[in-house]
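A single structure is presented below for examination.
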Amino acid sequence: MGLEGDIMGLDSRTVLITGASSGIGAACAKAFAAGGANLILAARRGDRLHEVAENLCSTHDVNVRTVVLDVRSREAVESFVQTLESESVAVDILLNNAGLARGLATVQEGDIEDWEAMIDTNIKGLLYLTRAVVPGMVERGSGHVINIGSIAGHETYPNGAVYCATKHAVAAINRGLAIDTLGTGVRVSSVDPGMVDTEFSVVRFHGDQERADSTYRGLTPLSAEDVADAVLFCATRPPHANVREMILMPTDQAAAVHVIRK
Ligand code: NDP
Ligand code: 8X3
């Protein structure tokens, strides 16, 4: 049982988190483990996943399973979810967090490989997981899909059209899924942050740490833990209540490109 007992209703719940090897996904894993939930952690980097899992197992009395999974592979996603079903493992909460931005460029000059990576991960990967997991939730009459969207799903900023398009798609899928599952007992939520200090910008700038650091220079971004708090809030509402969409911004950010730097 979690440190706080089962006051959050998460004890022995199973939470599947994609993109759990770093940033927001890893912070959410920690928050759910503290609440007593069992975890299935997925990402491509197995070594990083094991590190996260080992830390959790040494501090919390929960089961943690890791799976090296590329959400862009429909076959791998379907096969993994089938494995869970064959073991009678029911996913109570699906946290669709795996995602990335690649590049910052105009549409007319954008790198098409960057576009493919964003579209395949942020939209298609999220859909593959959702399509595979939600039927079981519907059958059981309960479950919760929590999507990590973005402020980029609410506005479009210069040089970010394709990333913003993927997060607009997440917002549309989030809203559509809520309509499609109405009456089934399945809840659908989206947590949509502004700037969060994770590996996100290093990935966006293809490993350019200096450029990534400049994104957050002079302001205080959100931490991954701030986002995990918001996710946990969504996951711990009583069954009759559902957070549909939550926009979470740093105090120093009013809109995607409106920030205050000291
Ligand atoms: P990180 O780069 O720290 O984490 C991204 C995670 O996604 C990693 O665990 C990575 O794992 C995983 N991932 C990427 N591609 C795949 C894939 N094909 N298959 C499986 N896992 C994958 O960044 P964040 O924690 O910031 O990003 C998490 C989510 O938050 C993303 O959806 C992002 O769009 C969103 N977001 C981020 C914001 C920010 O400012 N940081 C703001 C708003 C939203 P691995 O590389 O091991 O596969
Ligand atoms: C990440 C936030 O503003 O860099 O989704 O696109 S932003």
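Residue pairs, Cβ under 7 Å, 6 or more apart or interchain, first in segment 251-262 and under 17 Å from ASP192 (Cβ atoms), second acidic (Asp, Glu). List them.
Short answer, once both residue conditions are applied: ALA255/GLU155; ALA256/GLU155; VAL259/ASP252.
Sticking with this one: Considering segment 9-40 alone, what residues qualify as being open to solvent by 10 Å² or more (accessible area, probe 1.4 Å), touching a residue at least 40 places away in the same chain (Cβ under 8 Å), more than 16 Å from ligand 2 (Cβ to nearest atom) and part of a loop (DSSP other than H, G, I, E, B)?
GLY9, ARG13
Also, quick follow-up: Given the condition over 17 Å from ASN122 (Cα atoms), touching a Cys at 6+ places or on another chain (Cβ under 9 Å) and either at pLDDT below 95 or surrounded by fewer than 24 Cβ atoms within 10 Å (Cβ to Cβ) (or both), answer yes or no: does some residue in segment 64-71 qualify?
Yes, some residue in segment 64-71 is over 17 Å from ASN122 (Cα atoms), touching a Cys at 6+ places or on another chain (Cβ under 9 Å) and either at pLDDT below 95 or surrounded by fewer than 24 Cβ atoms within 10 Å (Cβ to Cβ) (or both).
Something else about it: Can you tell me which residue within segment 132-147, out of those that are in a helix (DSSP H, G or I) and not basic (Lys, Arg), is surrounded by the most Cβ atoms within 10 Å (Cβ to Cβ)?
From segment 132-147, those in a helix (DSSP H, G or I) are 132-140; that's our starting set.
Those left that are additionally not basic (Lys, Arg): 132-139.
Numbers: ALA132: 20, VAL133: 21, VAL134: 20, PRO135: 13, GLY136: 18, MET137: 23, VAL138: 15, GLU139: 11.
That would be MET137.
Need pairs with beta-carbon distance below 7 Å; first residue of a type outside the set (A, V, I, L, M) and within segment 81-104, second within 16 Å of ligand 1 (Cβ to nearest atom) and assigned to a loop (DSSP other than H, G, I, E, B); sequence gap 6+ or separate chains.
Note: pairs meeting the criteria are ASN97/GLY19; GLY99/GLY19.
Tell me which residues, restricted to segment 174-230, are without any contact (Cβ under 8 Å) to a residue 24 or more places away in the chain, assigned to a helix (DSSP H, G or I), among the aliphatic types (A, V, I, L, M) and more than 15 Å from ligand 2 (Cβ to nearest atom).
Once the filter is applied, which keeps residues that are without any contact (Cβ under 8 Å) to a residue 24 or more places away in the chain, assigned to a helix (DSSP H, G or I), among the aliphatic types (A, V, I, L, M) and more than 15 Å from ligand 2 (Cβ to nearest atom), segment 174-230 yields only ILE179.
Only one of these conditions is not met by THR166: (1) within 11 Å of ligand 2 (Cβ to nearest atom); (2) under 21 Å from VAL243 (Cα atoms); (3) touching a residue at least 60 places away in the same chain (Cβ under 8 Å); (4) open to solvent by less than 10 Å² (accessible area, probe 1.4 Å). Which number is it?
The number of the failed condition is (2).
It is to be established whether one or more residues within segment 96-113 are more than 23 Å from MET249 (Cα to Cα), surrounded by 19 or more Cβ atoms within 10 Å (Cβ to Cβ) and within 20 Å of the chain's Cα centre (by Cα).
no
If I ask for residues that are open to solvent by less than 40 Å² (accessible area, probe 1.4 Å), over 15 Å from the mean Cα position of the chain (by Cα) and not charged (D, E, K, R), which ones from segment 114-129 would you list?
Of everything in segment 114-129, just one residue is open to solvent by less than 40 Å² (accessible area, probe 1.4 Å), over 15 Å from the mean Cα position of the chain (by Cα) and not charged (D, E, K, R), namely ALA117.
State yes or no: is SER150 crowded, with 22+ Cβ neighbours inside 10 Å and near ligand 2 (Cβ under 10 Å from one of its atoms)?
On the way: crowded, with 22+ Cβ neighbours inside 10 Å: yes; near ligand 2 (Cβ under 10 Å from one of its atoms): yes.
In short, yes.
Could you check ALA43 against (1) open to solvent by less than 40 Å² (accessible area, probe 1.4 Å); (2) out of contact with any strand residue (DSSP E or B) (no Cβ under 9 Å at 6 or more places or on another chain); (3) touching a residue at least 40 places away in the same chain (Cβ under 8 Å) and say which number it fails?
Against the list (1) open to solvent by less than 40 Å² (accessible area, probe 1.4 Å); (2) out of contact with any strand residue (DSSP E or B) (no Cβ under 9 Å at 6 or more places or on another chain); (3) touching a residue at least 40 places away in the same chain (Cβ under 8 Å), ALA43 comes up short only on (2).
Collect the residues in segment 103-129 that are within 27 Å of ASP197 (Cβ to Cβ), more than 10 Å from ligand 1 (Cβ to nearest atom) and either among the polar types (S, T, N, Q) or not in a helix (DSSP H, G or I) (or both), keeping them in residue-number order.
Selection gives GLY103, LEU104, ALA105, THR106, GLY110, ASP111.
For segment 149-175, how many residues are polar (S, T, N, Q) and away from ligand 1 (no atom under 12 Å from the Cβ)?
Total meeting the criteria: 3.
The values are calculated or read from the model by the stated rules, or taken from the named source; none is laboratory data. Since the structure is predicted, the reported quantities are computational estimates derived from the model, not experimental observations. Cβ coordinates were reconstructed from backbone atoms using ideal geometry, including for glycine residues, and neighbour counts include every protein chain displayed. What goes into the accessible areas is simple: the full protein's heavy atoms, side chains included, and nothing from ligands, DNA or RNA. Shrake-Rupley method; radii C 1.70, N 1.55, O 1.52, S 1.80 Å.
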